[in-house]
Amino acid sequence: YAAIQYGSIRKSTNGGNNFSMIINPDQVNDTGGWVTPYVLDPNNSNHIYVGYTELYRSTNSGNSFTQISNLNSSSTLRIVEVCKANSSVIYLGRGQNILRSSNGGISFSSVTGNLPNKTITSIITDPLDEDRVWVSFSGYTNNQKVYFSSNGGSSWSNLSTGLPNLPANCLLYRDGSVDEIYCGTDVGVYSLTGNSGSWASFGTGLPNVVVDELEITYIVDKLRIAT
């Protein structure tokens, strides 16, 4: 799968030699962001979720899509997080707000609570517990970078200690760990273990570059970053 601006999403079944479009905003009379979020269900790769101003789902690998949300907003979605622990629980990031669904995206409620009024850049969840969620923020307000909830967003605690006063762009949870979290910032990668203490710079020899994506290749135990 690959995408271009505003959420025109393509699919290849021959290793990338040829691509065909499976959905774009015009097909569903909707609007996508410059970078439109789309994810595969971590428990069923035939299920694809796409976030325009509404959330759309395909259950047949992209052959057809159906609008499943009714958000009634003109703002485009920035983040879609389908929980590995329970695919019925979905978190959405839209501007400064976080929405949560417990019924597969049919209905959503705000769980923004006491979070800062900053642009949300990333939402991740514990792969074993859909109620444990971390969120990162852009902006230049000190100590407002990463927050954690243990109860599905009913309340939030600040986990920003040790992060530089620069945008926090992305988060990654290491599967099989005890809350080993990585954060990509405007000056490289930081790590935190156990939701306690302080973030520490991670990556000896890594230049002070903007990091906007993190992935772990588990078979070789490598953390890979996009800059």
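The values are calculated or read from the model by the stated rules, or taken from the named source; none is laboratory data. Worth saying up front: this structure is predicted, and the values here are computed from it rather than measured. Ideal geometry is used to build each Cβ from the backbone, glycine not excepted, and the neighbour counts take in all protein chains shown. Accessible surface areas use protein heavy atoms only, side chains included; no ligands, DNA or RNA. Shrake-Rupley method; radii C 1.70, N 1.55, O 1.52, S 1.80 Å.
Sort region 105-179 into rounded, prolate or oblate with this rule: let a ≥ b ≥ c be the square roots of the eigenvalues of the Cα gyration tensor; rounded if a/c is under 1.5, and if a/c is not under 1.5, prolate when a/b is larger than b/c, oblate otherwise.
It comes out oblate by the Cα gyration axes.
Write down the Kirkwood hydrodynamic radius of region 78-222, to one decimal in angstroms, obtained as one divided by the mean of 1/r over all alpha carbon pairs.
When all Cα pairs of region 78-222 are included, the Kirkwood radius is 15.3 Å.
Determine ³J(HN,Hα), in whole Hz, for all residues of region 20-32 in sequence, where each value follows from phi through the Karplus function 6.51 cos²θ - 1.76 cosθ + 1.60 and θ = phi - 60°; x replaces Gly and Pro.
Listing the rounded values in order: 10, 6, 10, 6, 9, x, 4, 5, 10, 6, 9, 10, x Hz.
From largest to smallest, what semi-axes in whole angstrom does region 1-129 give when each is the square root of 5 times an eigenvalue of its alpha carbon gyration tensor?
Output for region 1-129: semi-axes of 24, 17, 13 Å.
For the modelled label position 7 Å from the Cα of residue 128 along Cα-to-Cβ, which residues of region 158-184 have backbone nitrogen atoms closer than 14 Å?
Backbone N within reach: 174-180.
By how many nm would the segment from residue 73 to residue 13 grow when fully extended, if each residue of separation counts as 0.36 nm and the alpha-carbon distance is taken off?
18.2 nm
Relative contact order for the chain using alpha-carbon pairs under 8 Å, separation at least 6, rounded to a whole percent?
9 percent
Quick check: at a probe of 1.4 Å, how many percent of the accessible area of the chain sits on carbon and sulfur atoms?
The C+S portion of the solvent-accessible surface of the chain is 43 percent.
As a test of the definition: which semi-axes, in Å, follow for region 1-60 when you take the square root of five times each eigenvalue of its alpha carbon gyration tensor? Largest first, please.
Equivalent ellipsoid semi-axes, largest first: 18, 15, 9 Å.
Answer rounded, prolate or oblate for region 187-227, using the Cα gyration tensor with square roots of eigenvalues a ≥ b ≥ c: rounded when a/c is under 1.5, else prolate when a/b is larger than b/c, else oblate.
Judged from the Cα gyration tensor, region 187-227 comes out oblate (a/c at least 1.5, b/c at or above a/b).
Cross-link partners among lysines for residue 145, C-alpha distance below 30 Å, same-chain residues fewer than 8 apart left out?
In chain and number order, the partners are 84, 118, 222.
With just the Cα atoms defining each centre, how far is region 135-211 from region 30-104? Give it in Å.
Result: 24 Å between the Cα centres.
Along the charge dipole of the chain, which of 115, 44, 223 sits closest to the positive end, that is, farthest toward it, with unit charges on the beta carbon of Lys, Arg, Asp and Glu (+1, +1, -1, -1)?
In the chain, that residue is 115.
Using the Cα centre as the reference, give the magnitude of the dipole from point charges on the C-beta atoms of region 32-123 (Lys, Arg: +1; Asp, Glu: -1; all else neutral), rounded to the nearest 20 debye.
Here the size comes out at about 160 debye.
Just the number please: accessible area per residue for region 24-89, 1.4 Å probe, all protein chains included, in Å².
48 Å²
So for region 61-110, considering every pair of alpha-carbon atoms, how many percent are separated by more than 15 Å?
When every Cα pair of region 61-110 is considered, 47 percent fall beyond 15 Å.
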